[in-house]
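The values are calculated or read from the model by the stated rules, or taken from the named source; none is laboratory data. Just so we're clear, the structure is a prediction, and the values are computed from it rather than from any experiment. Ideal geometry is used to build each Cβ from the backbone, glycine not excepted, and the neighbour counts take in all protein chains shown. Surface accessibility is based on the protein's heavy atoms, side chains included, excluding ligands, DNA and RNA. Shrake-Rupley method; radii C 1.70, N 1.55, O 1.52, S 1.80 Å.
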Amino acid sequence: MKISRINRFFNIVLGALAMLVVALLSAFITMRLAIHGREVKVPNLTGLTLSEASQQTRSLGLILHLENRFYSPNTPPGHVLAQSPAPGVTVRRQWAVRVTESLGAQQVAIPDVLGQSERTASINIRRLGLELGAVAHIAAPGEPGVVIAQTPAPNAAGVDRPRVSLLLSEPQEAESPQAFLMPSLAGLTLAGAAARASAAGLHIVSAEDLNTPTPATATTQISNSAPGSPPPTPSPATSAAPPTTQAISIGTVVAQTPPAGHRVVKGDPVRITLTN
């Protein structure tokens, strides 16, 4: 009696497990069918008319999208020249298939729109069934908003697509002052320094006197002085020290601001220091 009950219990458990396995397997198969039921293979649309390609993609739940139009001497106009994705690729339904339409051999001459305004050039391009491509601008002399270059060139043959891009002129910005290196004024008199600075487009705004006859002392006083402040009075020991080099000529430039070789532009002010 007890063994019979145990067998019955195991039979119930095995039956329940079998039913669970069947349910899981059924759900797995249903899921795979559902997933694969939403996938299709992209058909070969090359050579079809746009109408035929549209019907074929729509029947498979795909969306046809016209992306480009190119000239082609081998494919009749209005037919599919190329496609993406390629034929045979598996995609989901509602996937977009992009195609390029053939315009046949080039029969429309590229117009000459050089010198025209953007609006006039655009009208003349579209009047011939062509497309307006990229429009760029560049600073150029003359009237702004005028076509100064085009691609393809006027009357070009063998172009691949019916698109004309334009390059328009725009007003030139005011040129920035030309920079150059500050000339050296050392050793010049005040008049000579003013003449050299003026020739370079600069002007001297201040000239300070330096009460030191030797280069060593002059250099020390300039380096220890703040810009625009009078040079410090040399110490007696320094003044009394005998010069080790030849004395600077009286009334000549011994320092300048900006220093020689510094970047300057025309109109910059210059400050100099002279021997007394």
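Quick notes on this one:
- G145 long-range amide H proximity, modeled H, under 5 Å: S169, E170
- In this structure the amide hydrogen of E208, modeled in the peptide plane, comes within under 5 Å of the amide hydrogens of I272, T273, L274, none closer than 5 places in sequence on its chain.
- Along region 51-63 the Karplus relation, 6.51 cos²θ - 1.76 cosθ + 1.60 evaluated at θ = phi - 60°, assigns HN-Hα couplings of 5, 5, 5, 5, 5, 5, 5, 5, 5, 9, x, 9, 10 Hz to successive residues, with x for each Gly and Pro.
- Counting Lys and Arg as +1 and Asp and Glu as -1 over every other residue whose Cβ lies under 13 Å from the Cβ of R69, the net charge comes to -1.
- Carbon + sulfur, % of accessible area of region 89-146 - ligands and nucleic acids excluded, 1.4 Å: 52 percent
- Scaled to the globular estimate 2.2 N^0.38 Å, the Cα spread of region 8-138, given as radius of gyration, is 1.93.
- For region 186-196, 3J(HN,Hα) computed residue by residue from phi via the Karplus equation (6.51, -1.76, 1.60; θ = phi - 60°) reads 4, x, 8, 6, 4, 5, x, 5, 5, 5, 5 Hz, glycine and proline entered as x.
- Placed amide H near A82: partners under 5 Å, 5+ positions off or other chain: T100
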